[in-house]
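J.: Pasting in a structure now, in structure tokens, and then I'll have a few things to ask.
Nothing in this text is a laboratory measurement; each read-out follows from the coordinates by a stated rule. On a predicted model such as this, the values are computed, not experimentally measured, just so you know.
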Amino acid sequence: MKPIIGISLRITNAEKYVEKRDSISHDWPILLEKLGFSPLLIPNAISNIPEFLDEMKISGLILSGGDNIGDDIIRDKTENDILNYAISHNVPLIGVCRGMQIINSFFGGKTQFLNNTNHVNKSHTVNINNHFSFQNNTIEVNSFHHNVIDKLNLGKNLSSFAISKNDNTIEGLIHNELSIIGVMWHPERNPDINSHILLKNFFLK
């Protein structure tokens with residue numbers, strides 16, 4: 001049986017209907033299936049996230065990207081419930097972009113909003129410090145975010161493993177005791193060898 005990886009969803013408004021919908025890029029299920037995982041989409045509207053995840057026999061969890069913390073309190077609550085579940089059940093969890101910011105906020109950290117586009121739709125180099133067996137100690141990553149995290153605003157018991165070469169902001173974090181990591185880039189948008197290494201080494205370790 002393939003490991004089941006649960007992934008949180010963005011909340012979007014339907015264009016022609018007065019209703020909210022959960023959504024996610026097709027990039028995620030395509031990548032997870034290619035890596036040998038079964039993707040499971042986690043609805044935002046269900047009442048009991050822990051019960052749902054128990055029934056689904058989750059092997060790992062992803063907090064997906066898109067939008068800002070505070071844009072929708074329902075999604076914020078769902079992702080905090082997912083984080084609490086990961087901690088209490090010792091399930092490995094990775095946060096991507098917004099997901100990394102959720103992790104940092106959960107552990108008492110803060111984000112800063114950039115008034116420039118240095119991290120918006122631009123690739124850049126990050127320095128890696130010996131985690132996840134990347135092929136090199138510097139890798140090229142994509143970037144689609146206005147919010148950044150620096151060392152002074154890192155949450156409790158979190159350490160950085162990837163730093164932007166351009167401005168020294170944190171591009172990857174890891175919890176010192178729990179099986180929790182976060183990255184500011186999107187592995188699903190350019191699934192190169194480093195994306196494969198990151199996800200497979202983390203979920204299959």
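J.: Tell me the mean residue ellipticity at 222 nm calculated for the chain from its helices only (DSSP H runs of n ≥ 4, each -39500 (n - 2.57), averaged over every residue, nearest 500).
T.: -7500 deg cm²/dmol
J.: In whole angstrom, how far apart do the alpha carbon centroids of region 86-103 and region 156-182 sit?
T.: What the calculation gives is 12 Å, centre to centre.
J.: Multiply the residue gap between residue 157 and residue 20 by 0.36 nm, knock off their C-alpha separation, and tell me the result in nm, one decimal place.
T.: 45.8 nm
J.: List the aspartates and glutamates whose Cα lies under 16 Å from the Cα of residue 205, skipping any in the same chain that are fewer than 8 positions away.
T.: Those aspartates and glutamates meeting the cut-off are 177.
J.: Project the alpha carbons of region 4-203 onto their principal axes and report the range along each, largest first, in whole Å.
T.: 42, 34, 32
J.: How about residue 156: which lysines have a C-alpha closer than 19 Å to its C-alpha, ignoring those fewer than 8 places off in the same chain?
T.: The reachable lysines, counting only those whose Cα sits under 19 Å from residue 156, are 110.
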